[in-house]
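Have a look at the structure below before the remarks.
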Amino acid sequence: MAFIVKKTINNKDYYYLNENNRVDGKVKTKTLAYLGKTRKEAEKKAKEIMKKIKDKETPKENEKMKIPPTKISVEDMAIFCKRKGFVYQSGDIYGGFAGFWDFGHLGVELKNNIKKEWWKFHVWQRRDIKGIDGSIITHPLVWKASGHIDSFSDIFVVCKKCKKPEKIDRKDLGKIKCPKCGGDFDEKTAKEFKLMFKTTVGEKDEAYLRPETAQLIFTNFKFVYDNARMKLPFGIAQIGKAFRNEIAPRDFLFRCREFEQMEMEYFIEPESKCIYEIPETEILVYSAEAQIGNEEPKKMKITDALKKGIIKKDWHAYWLATEFSWFVKLGVNPNNFRIRQHRKDELAHYSSDCWDLEYKFPFGWKELEGIADRSDYDLKQHEKFSKKDLTIFDENSKKKILPQVICEPSLGVERAFLVFMFDSYYYDDKRENILLKLNPKIAPIKAAIFPIIKREDFEKMSYEIFDNLKEEWNVIYDESGSIGRRYARNDEIGTPFCITIDEESLKNKDITIRERDTKKQIRVKISEIKNILRKLINEEIEFEAAGKLLK
């Protein structure tokens with residue numbers, strides 16, 4: 001029998017249609033569908049769903065209720081993340097604090113792994129990029145030079161109809177409607193809203209929490225160039241916190257007031273050509289022309305978009321393909337991405353072209369990563385305000401030049417976190433539990449070790465394996481419940497490999513490794529387990545070739 005349940009999360013109500021079934025003598029509750037945020041809406045939707053079930057509608061309709069990958073709502077993802085220990089709203093026991101989030105024991109591991117893979121891909125595996133870690137609070141003139149103090153603001157408006165606050169661009173005032181209810185914004189009460197957080201240093205010196213990481217790269221540009229003995233073209237990368245006093249933070253981790261950026265500024269000799277081969281990558285391309293003409297994005301190779309003049313700079317084509325490839329290599333579905341060109345009315349005055357790598361979130365296509373041409377604007381501004389010479393001697397042209405930033409790949413850690421979560425979330429009908437298909441490289445827990453029964457000799461061997469593996473990876477030991485239940489618990493949190501110690505292990509000094517996505521199992525010698533697990537995590541060997549496959 002199906003029934004409606006209400007869950008209250010962060011003082012907001014969410015309604016679900018649940019059903020109880022008796023399985024092996026135990027009552028199990030299954031969520032059939034998300035019904036909405038009001039009782040009235042929930043009852044109406046539940047009635048429709050129950051009618052379909054009663055009329056024995058096709059299995060295809062019933063599958064929709066079980067939410068395949070990326071179909072889960074952002075509200076349900078927030079609930080899942082809280083229930084499993086990935087993310088909690090900051091100050092939750094006090095009612096929460098909008099726009100601020102705390103990462104739990106699994107969330108911090110996933111977040112750190114995302115940052116590690118980004119750093120490895122952009123810094124360690126390249127000769128032309130070095131990293132820094134700039135201060136969160138810096139000299140206030142940095143933000144005067146960058147233009148943030150004078151112009152980093154939104155227009156604060158309130159909808160006349162639903163009374164919800166919203167932020168809009170100055171140019172849109174009087175032209176757009178409320179996205180929540182379609183009502184008009186009150187132009188009389190509209191006001192400029194500064195986005196930087198102010199703070200006090202010492203007794204009375206005014207300073208700011210940085211709204212982006214980029215400016216510390218520019219102020220340290222010449223130091224890095226000299227100390228790391230770089231040559232153009234080269235990049236400087238940084239991962240760090242940024243803060244923006246958003247008017248209306250929303251969509252879980254997508255728009256926060258405190259967040260982390262993974263950002264890189266790539267410097268070139270002015271107007272020089274890309275020196276790297278551009279990958280033959282195919283993706284949906286949404287040009288400025290197509291947007292103006294209300295046309296659909298077109299799937300094409302990035303190299304073809306460059307040849308046709310849609311992408312104006314070869315360096316942009318290279319970095320768009322490179323940034324896209326990072327996500328795909330970590331297992332994200334390439335069909336959930338597109339690149340969108342900024343229209344002329346969106347471009348900064350110093351930028352000749354700008355693109356966004358967008359992802360198809362449950363709440364629509366949204367910016368995931370910006371690829372901006374910043375020209376030499378920032379270095380010129382810092383030269384002007386600091387009265388310091390930031391030119392460098394270029395070995396190629398044999399003259400002093402001020403490099404230009406041809407590309408600024410800028411990615412939010414939290415948005416990347418959401419992409420990996422949405423893209424890996426899957427409800428398995430046969431297992432009747434959630435499967436989080438995270439790539440092993442970013443999975444919070446790499447392996448779970450299970451003694452098949454609670455007995456001293458099994459536990460002793462299991463702990464020896466656990467102690468050996470934890471020297472290199474985050475692994476867990478679990479002896480609670482049936483093996484099936486332990487598998488299910490780890491499927492739900494994305495653990496790629498489960499290791500079982502059984503009777504044969506005691507006799508033959510070998511163990512069983514079970515792979516999360518396929519449920520296939522192999523037999524491996526204990527002496528070889530560390531090396532094999534390393535190869536599996538790094539995707540250097542196919543699972544079936546890593547040991548003796550069990551039928």
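The values are calculated or read from the model by the stated rules, or taken from the named source; none is laboratory data. Source: prediction; values computed, not measured. Ideal geometry is used to build each Cβ from the backbone, glycine not excepted, and the neighbour counts take in all protein chains shown. For the accessible areas, the whole protein counts, side chains as well, though only heavy atoms, and no ligand, DNA or RNA atoms are used. Shrake-Rupley method; radii C 1.70, N 1.55, O 1.52, S 1.80 Å.
Which one is most open to solvent (accessible area, probe 1.4 Å) among residues in region 521-547 that are in contact with a strand residue (DSSP E or B) (Cβ under 9 Å, 6 or more places away or on another chain), of a type outside the set (A, V, I, L, M, F, W, C) and more than 26 Å from R455 (Cα to Cα)?
E544
Hey, can you tell me all the residues within region 279-308 that are more than 24 Å from the chain's Cα centre (by Cα) and acidic (D, E)?
E280, E289, E295, E296, D304
Just to be sure before I move on: is E459 in contact with a strand residue (DSSP E or B) (Cβ under 9 Å, 6 or more places away or on another chain), farther than 30 Å from K329 by Cβ and charged (D, E, K, R) in the structure I sent?
When the stated conditions are applied, E459 passes them.
With the requirement that a residue be closer than 19 Å to P409 by Cα, surrounded by fewer than 19 Cβ atoms within 10 Å (Cβ to Cβ) and among the hydrophobic types (A, V, I, L, M, F, W, C), what does region 255-301 give you?
C274, I275
Residues being out of contact with any Lys or Arg (no Cβ under 7 Å at 6 or more places or on another chain) and open to solvent by 20 Å² or more (accessible area, probe 1.4 Å): count how many of those fall in region 114-136.
Looking only at that region, the number is 14.
For K231, all conditions in the list (1) open to solvent by less than 30 Å² (accessible area, probe 1.4 Å); (2) part of a loop (DSSP other than H, G, I, E, B) hold save one; what is the number of the exception?
Just one mismatch for K231, condition (1).
Scan region 301-311 and give yes if some residue there is on the phi < 0 side of the Ramachandran plot and assigned to a strand (DSSP E or B), otherwise no.
Yes, region 301-311 contains a residue that is on the phi < 0 side of the Ramachandran plot and assigned to a strand (DSSP E or B).
Any residue that is modelled with pLDDT of 90 or more, farther than 24 Å from I493 by Cβ, surrounded by 15 or more Cβ atoms within 10 Å (Cβ to Cβ) and not hydroxyl-bearing (S, T, Y) - is there at least one of those in region 100-112?
no
Conditions tested, residue by residue: (1) open to solvent by less than 10 Å² (accessible area, probe 1.4 Å); (2) part of a strand (DSSP E or B); (3) at pLDDT 95 or above.
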{"residue": "A321", "(1), (2), (3)": "yes, no, yes"}
{"residue": "V332", "(1), (2), (3)": "yes, no, yes"}
{"residue": "W365", "(1), (2), (3)": "no, yes, yes"}
{"residue": "L379", "(1), (2), (3)": "yes, no, yes"}
{"residue": "F385", "(1), (2), (3)": "no, no, yes"}
{"residue": "R415", "(1), (2), (3)": "no, no, yes"}
{"residue": "V419", "(1), (2), (3)": "yes, no, yes"}
{"residue": "D423", "(1), (2), (3)": "no, no, yes"}
